[in-house]
Amino acid sequence: MEKILDRFLRYVAVDTQSDPESESQPSSARQLDLLKMLRDELISMGVEASLDQYGYVMASIPSNCGCDAPAIGFIAHVDTSPDASGADIRPQIIKDYDGKDILLDARSGLSLKVSDFPELEEYKGQTIITTDGTTLLGADDKAGVAEIMDAVQYMVEHPEFRHGDIRIGFTPDEEIGRGVAKFDVARFGARYAYTMDGGAVGELEYENFNAAAADIHIQGRNIHPGYAKGKMLNAILIGMELNSLLPVEQRPEYTCGYEGFFHITGFNGTVEEADFSYIIRDHDMDLYENKKKVMQQCVDFINTKYGAGTATLKIRHQYYNMRKEVEPHYHIVEKAVKAMEMEGIKPRIQPIRGGTDGANLSFMGLPCPNIFAGGHNFHGKLEFVPLESMEKASRVILNIISLFAEEK
């Protein structure tokens, strides 16, 4: 078998950054480079696989257990976040990690510091894969992709391993909230599925945020600053004022667990006009709807103060909390718990402070909890993943498959 590390390094070498400004599907053609690679690798292993016009790789492994086990799917996304560069990634492999700070980039002095990330100490003696301090790593979610492919390879090379019908799915554009917008659940053919898109070992999630994106445009009035008194409306300052109206304690850096937030993600502007981008998140539906109302109230206040049309708001729904769709099928969560325990892993069932393809898939009729893929510090230059965590995730996949095959 190819080592999972070699597979992971090959996948992160492919630039697959998605593009939120694009209207195409997938949003960037470069994602197809990896999707085609995955399709071809599956076919070369003797697995039936296809890549459709929307960038979905779907593969099928027929049952060999002679039992009435449900078809189970495993899904991961190939795109990386637009928040940091995903090109020319040069991973660093730290073998037998000594538990100390890890220097990523000598030029900038950027380091993974144990004082900032005490969880590093849990991986002492393991192999840690980091960035070189100039790009993200892509463990989100190429760790998940590698883990699924590693499990597939094991099944192909060990025909004695009993399993029901298995479905494999690789998706584009998860990072920009469009990962399964055109995913054909019926064609995929699974009764239940799992996304391999979580963080540290043991994470198991079947709740996620309700999510929306908000764009605010500020129309100012630019007057020569020498003659601006009583006339100028500085769009940048008005936008800053609007942002200050939002509750400070409900920013991501002050929240955890089930607490939701307003998060400013982008700004571009001049005195004449400015644009501010936000995401709105909350696990509780009532609190989620109230957050949207609060943002509208802030816009209304600005328009009352500076004139109608000064601020305009557009809110786009992204996904809902999948809990109510998964909970009626709680046995699939219990299977994942047992699969982890079989590997000596203590499961940590917790809410996702984000979203996965599984959220929308659950509302499309495919209950889909989320399982750890092993990575930390996603979307930035401090991203890292322990090799042993990926190896454990691959074995958890195989354990889940075995548990379903045991059903009578």
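The values are calculated or read from the model by the stated rules, or taken from the named source; none is laboratory data. Source: prediction; values computed, not measured. Ideal geometry is used to build each Cβ from the backbone, glycine not excepted, and the neighbour counts take in all protein chains shown. For accessibility, only protein heavy atoms count, side chains too; no ligands or nucleic acids. Shrake-Rupley method; radii C 1.70, N 1.55, O 1.52, S 1.80 Å.
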Checklist entry - Does any residue of the range 150-163 turn out to be surrounded by 17 or more Cβ atoms within 10 Å (Cβ to Cβ) and part of a strand (DSSP E or B)? => result no
Checklist outcome for this item: Checked the range 253-305 for anything touching a residue at least 60 places away in the same chain (Cβ under 8 Å) and closer than 29 Å to N222 by Cα; matches are D275, F276, S277, Y278, I279, M295, V299, I302
Item to check | Answer from D33, D6 - the residue that is free of Cβ contacts under 8 Å to residues at least 12 places away in the same chain and closer than 29 Å to T127 by Cα | outcome: D6
Checklist outcome for this item: Screening D79, D68, D83, D19 for residues that are under 18 Å from the mean Cα position of the chain (by Cα), of a type in the set (D, E) and farther than 25 Å from S389 by Cα leaves only D19
Next on the checklist: Tell me the residue from I75, I93 that is at pLDDT 95 or above, in a strand (DSSP E or B), open to solvent by 20 Å² or more (accessible area, probe 1.4 Å) and in contact with a strand residue (DSSP E or B) (Cβ under 9 Å, 6 or more places away or on another chain), please.
Outcome noted: I93
Checklist entry - What are the residues in the range 171-195 that are in a helix (DSSP H, G or I) and touching a residue at least 12 places away in the same chain (Cβ under 8 Å), if any? => result E174, E175, I176, V185, R187, F188
Checklist outcome for this item: Scanning the range 314-325 residue by residue, those open to solvent by 60 Å² or more (accessible area, probe 1.4 Å), in contact (Cβ under 8 Å) with a residue 12 or more places away in the chain and either among the β-branched types (V, I, T) or over 30 Å from G269 (Cα atoms) (or both) turn out to be I315, Y320, R323
Checklist entry - What number of residues within the range 376-402 satisfy the criterion of being open to solvent by less than 10 Å² (accessible area, probe 1.4 Å) and of a type in the set (A, V, I, L, M, F, W, C)? => result 8
Next on the checklist: Could you check the range 96-148 and list, in sequence order, the residues that are part of a loop (DSSP other than H, G, I, E, B), farther than 23 Å from I4 by Cα and of a type in the set (D, E, K, R)?
Outcome noted: K100, D101, R107, K113, D116
Next on the checklist: Taking the condition of being open to solvent by 70 Å² or more (accessible area, probe 1.4 Å) and over 14 Å from A214 (Cβ atoms), how many residues in the range 249-268 meet it?
Outcome noted: 8
Checklist outcome for this item: Restricting the range 1-16 to residues that are among the hydrophobic types (A, V, I, L, M, F, W, C) and over 16 Å from the mean Cα position of the chain (by Cα), the one modelled with the lowest pLDDT turns out to be M1
Item to check | The lone exception for G177 - which of (1) within 13 Å of the chain's Cα centre (by Cα); (2) modelled with pLDDT of 95 or more it fails | outcome: (2)
Checklist entry - Given A373, A359, A311, which one is surrounded by 21 or more Cβ atoms within 10 Å (Cβ to Cβ) and over 17 Å from D140 (Cβ atoms)? => result A311
Item to check | All positions within the range 101-118 that are modelled with pLDDT of 95 or more and loosely packed, with under 13 Cβ neighbours inside 10 Å | outcome: S115, D116, P118
Checklist entry - Can you pull out the residues in the range 326-339 that are within 18 Å of G355 (Cβ to Cβ) and crowded, with 21+ Cβ neighbours inside 10 Å? => result V326
Checklist entry - Taking the range 239-259, which residues are touching a strand residue (DSSP E or B) at 6+ places or on another chain (Cβ under 7 Å), within 18 Å of N321 (Cβ to Cβ) and not in a helix (DSSP H, G or I)? => result T255
